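These notes concern the structure reproduced below.
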Amino acid sequence: MTSPTPTSSTAFGIGPLSRAAALVHTLVTVEALLLVAAAPGLAGLLLLGTDPANLPLAAVCLLPLGPALSAALYALHHRDRDLTDLHPARTYWRGWRLNALPALRLWAPLLAWLTVIAFTLTHFSATGLPRWWAALLAVIGAGSLLWGAHALVLTSLFSFRARDTGRLAAYFLFRHGRATLAAGSLLVLTAAGTALLTEALPALLASPLLLSLLHGSRAVIAETQEDFTV
């Protein structure tokens, strides 16, 4: 007995080309909405100069970026792969409503901590500390960014208390070295592209970078679902 041949109406939207088109549509939509959600802070950054004294103000401007990134991760994780049933904008704003406050509870302290490190490094000659302290601070800052990458994924996809999310993010730093290395590679790639090309690069490529972060965090997401959720 032969299976029925799919009609054009049932086949449309499930082929490789349709899935690719659906992914591109989702990436472009999520990218646009991320920029809209973070626009107040990004506009403020454009008005600030490059003086290190502006670092605290820059941190304040970056506060809206945390919820915007979290909503983008949520939308990309829950994206539809059928071209005939795409709702990336609806999914993005649902993620923003769910994750704005939880993301800020982690994003704001992380920004404050990184601002202290950056301010100290840019004024290091005035501290009178030995040079190896600068290297130690740089390592701590890099580790904080990697912790933040794990925490952002966890708070975007799961409903944990902030302190539990922070503990899990620290645990996964060493538990899943590949995921941490993948996040580190994205940070290095973003920093290098920003330095060599344009400061707007992270904003322009935020959506594919976040999709790559999700891909690299698959083991973290799977273990969290299996061992830390009911």
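The values are calculated or read from the model by the stated rules, or taken from the named source; none is laboratory data. Because the structure is predicted, anything quoted here is derived from the model rather than measured. We place every Cβ from the backbone using ideal geometry, glycine too, and count neighbours over all the protein chains shown.
When you check residue 212 against the structure, is it of a type in the set (Ser, Thr, Tyr), at pLDDT 95 or above and surrounded by fewer than 21 Cβ atoms within 10 Å (Cβ to Cβ), yes or no?
yes
Identify the single condition in (1) farther than 16 Å from residue 103 by Cα; (2) over 18 Å from the mean Cα position of the chain (by Cα) that residue 163 does not satisfy, given that it satisfies every other one.
So the condition that residue 163 fails would be (1).
Each row is one residue, and each column tells you yes or no for (1) within 19 Å of the chain's Cα centre (by Cα); (2) in a helix (DSSP H, G or I); (3) at pLDDT 90 or above.
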| site | (1), (2), (3) |
| --- | --- |
| 13 | no, no, no |
| 19 | no, yes, no |
| 24 | yes, yes, yes |
| 30 | yes, yes, yes |
| 35 | yes, yes, yes |
| 41 | yes, yes, yes |
| 66 | yes, yes, yes |
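Pairs only if they're at least six apart or on different chains, beta carbon under 8 angstrom, first in region 114-128 and loosely packed, with under 15 Cβ neighbours inside 10 Å, second among the hydroxyl-bearing types (Ser, Thr, Tyr) and modelled with pLDDT of 80 or more; list them, first residue then second.
Partner pairs satisfying both residue conditions: 127/120.
Please enumerate the residues belonging to region 139-178 that are of a type in the set (Gly, Ala, Ser), out of contact with any Leu (no Cβ under 7 Å at 6 or more places or on another chain) and surrounded by 13 or more Cβ atoms within 10 Å (Cβ to Cβ).
Within region 139-178, 142, 143, 170 qualify.
With touching a residue at least 12 places away in the same chain (Cβ under 8 Å) and farther than 20 Å from residue 211 by Cα as the only criterion, which of 169, 162 stands out?
162
Would you check which residues across region 182-199 are polar (S, T, N, Q) and not in a helix (DSSP H, G or I) and list them?
Hit for region 182-199 is 198, nothing else.
What are the residue pairs meeting all of these: first residue in region 15-28, first residue surrounded by 15 or more Cβ atoms within 10 Å (Cβ to Cβ), second residue basic (Lys, Arg) and modelled with pLDDT of 85 or more, Cβ atoms under 9 Å, and 6 or more apart or on different chains?
Taking only residues 6 or more apart or on different chains, the pairs are 22/79; 23/79; 26/79; 27/79.
From 65, 86, grab the single residue that is under 30 Å from residue 136 (Cβ atoms) and surrounded by 14 or more Cβ atoms within 10 Å (Cβ to Cβ).
Sole residue among the options that is under 30 Å from residue 136 (Cβ atoms) and surrounded by 14 or more Cβ atoms within 10 Å (Cβ to Cβ): 65.
For the list (1) assigned to a loop (DSSP other than H, G, I, E, B); (2) over 20 Å from residue 108 (Cβ atoms); (3) hydrophobic (A, V, I, L, M, F, W, C), I need the number of the one condition that residue 179 fails.
Going through (1) assigned to a loop (DSSP other than H, G, I, E, B); (2) over 20 Å from residue 108 (Cβ atoms); (3) hydrophobic (A, V, I, L, M, F, W, C) one by one, residue 179 breaks only (1).
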